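The values are calculated or read from the model by the stated rules, or taken from the named source; none is laboratory data. Bear in mind that the values here come from a model prediction, so they are computed numbers and not experimental data. Cβ placement follows ideal geometry from the backbone for every residue including glycine, while neighbour counts extend to all protein chains displayed.
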Amino acid sequence: MKSRTLGTLSAAVALIAVTLLAGCQQGTPNERQARLFAAQNRELQQQLAARQVEIQTLQQKHAQELRQRDDEIAQCKARIEALQKDLEKGIAERVSGVTTALMDENARLRKENGRLRAEIEKLQGSSAQPRPSQAQ
């Protein structure tokens, strides 16, 4: 009986071993595939994280460039306004200078005109009176 129990036990152990070996062989390709998928997944996660960091870096750089461009635009607008004010001031000064010069010249010419009229009247008045040499 002992040998029969031992034989049955040996047969059961052999059956379990064969079942385990068969199960391991079937599980091995699936396990390898799962490991491959896991490795690919980790690699893709790392690539995704790297791209996200790159995107964030580019967004920050773009935002910085936009701020810098806005600052430059503000400076240009301020410079344009200052130049326009200087131009208007220069034009006003020139117009004022020309106007003043014209007014001065006009006043001088009026005085000269008045003087010449007075001289003409004096000359006409003296020519209307007979000269002592002509009266004889």
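For the stretch 100-136, how many residues are of a type in the set (S, T, N, Q) and at pLDDT below 85? Show your work before the answer.
Start the filter on the stretch 100-136 by keeping residues that are of a type in the set (S, T, N, Q), which leaves 100, 106, 113, 124, 126-127, 129, 133-134, 136.
Now restrict to residues that are at pLDDT below 85: 126-127, 129, 133-134, 136.
The number of residues fulfilling the criteria is 6.
It is to be established whether one or more residues within the stretch 10-23 are modelled with pLDDT under 95, surrounded by fewer than 10 Cβ atoms within 10 Å (Cβ to Cβ) and not hydroxyl-bearing (Ser, Thr, Tyr). Spell out how you get there, then give the answer.
Within the stretch 10-23, the subset modelled with pLDDT under 95 is 10-23.
Among the residues that remain, those that are also surrounded by fewer than 10 Cβ atoms within 10 Å (Cβ to Cβ) are: none.
Looking through the stretch 10-23, none of the residues is modelled with pLDDT under 95, surrounded by fewer than 10 Cβ atoms within 10 Å (Cβ to Cβ) and not hydroxyl-bearing (Ser, Thr, Tyr).
In the stretch 76-97, the residues that are at pLDDT below 95 form no Cβ pair under 6 Å with any partner that is part of a helix (DSSP H, G or I) and loosely packed, with under 10 Cβ neighbours inside 10 Å, whether six or more places apart or across chains.
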